[in-house]
Amino acid sequence: MGDASFTAAIDRVLELTRDMTARAAADEWQAAAGIQQRRDALLQRLFARPRSPEEMAQAAARLREVLRMDRELIRLGEEARERLAGELGKITRGRRAVHAYTGHKV
């Protein structure tokens with residue numbers, strides 16, 4: 001993979017990461033996971049061999065942006081997990097209340 005194709009592939013990684021972040025922000029986690037699989041495969045191909053310092057210098061800013069968005073994805077995932085845990089807790093408490101009211105054991 002030459003310099004131009006490496007740069008184009010890094011741009012594609014950045015594009016996929018932006019799409020993942022947008023999907024996660026929209027709570028479309030299934031879609032984000034599918035995009036992540038494509039992105040991970042591309043990253044594996046890109047870095048299957050060592051890259052020259054020149055290639056890495058050209059890609060550095062875009063890769064930093066990918067890392068920044070990955071941190072945002074982690075934050076969004078943690079928020080979604082906490083939200084779902086809260087919802088599950090409400091369902092569990094409601095179920096217990098119904099069973100207590102009807103005399104059934106949980």
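The values are calculated or read from the model by the stated rules, or taken from the named source; none is laboratory data. Computed from a predicted model, the values in this text were never measured in an experiment. As a convention, Cβ positions derive from the backbone with ideal geometry for all residues, glycine included, and neighbour counts pool all protein chains shown.
For the range 1-39, which residues satisfy the criterion of being under 12 Å from the mean Cα position of the chain (by Cα) and among the basic types (K, R)?
Correct list: R18, R23, R38, R39.
Taking A41 as meeting all but one of (1) loosely packed, with under 11 Cβ neighbours inside 10 Å; (2) modelled with pLDDT under 95, write down the number of the exception.
The number of the failed condition is (2).
Answer yes if at least one residue in the range 67-90 is among the aliphatic types (A, V, I, L, M), within 30 Å of I10 (Cα to Cα) and in contact with a Lys or Arg (Cβ under 9 Å, 6 or more places away or on another chain), and no otherwise.
yes
Just checking, does the range 58-66 include any residue being part of a helix (DSSP H, G or I), acidic (D, E) and at pLDDT 95 or above?
The answer is yes; a qualifying residue exists.
Go through the range 68-89 and report how many residues are surrounded by 11 or more Cβ atoms within 10 Å (Cβ to Cβ) and of a type in the set (A, V, I, L, M, F, W, C).
Within the range 68-89, residues that are surrounded by 11 or more Cβ atoms within 10 Å (Cβ to Cβ) and of a type in the set (A, V, I, L, M, F, W, C) number 5.
Which one of these does K105 not meet: (1) in a helix (DSSP H, G or I); (2) of a type outside the set (A, V, I, L, M, F, W, C); (3) at pLDDT below 95?
With respect to (1) in a helix (DSSP H, G or I); (2) of a type outside the set (A, V, I, L, M, F, W, C); (3) at pLDDT below 95, K105 is out only on (1).
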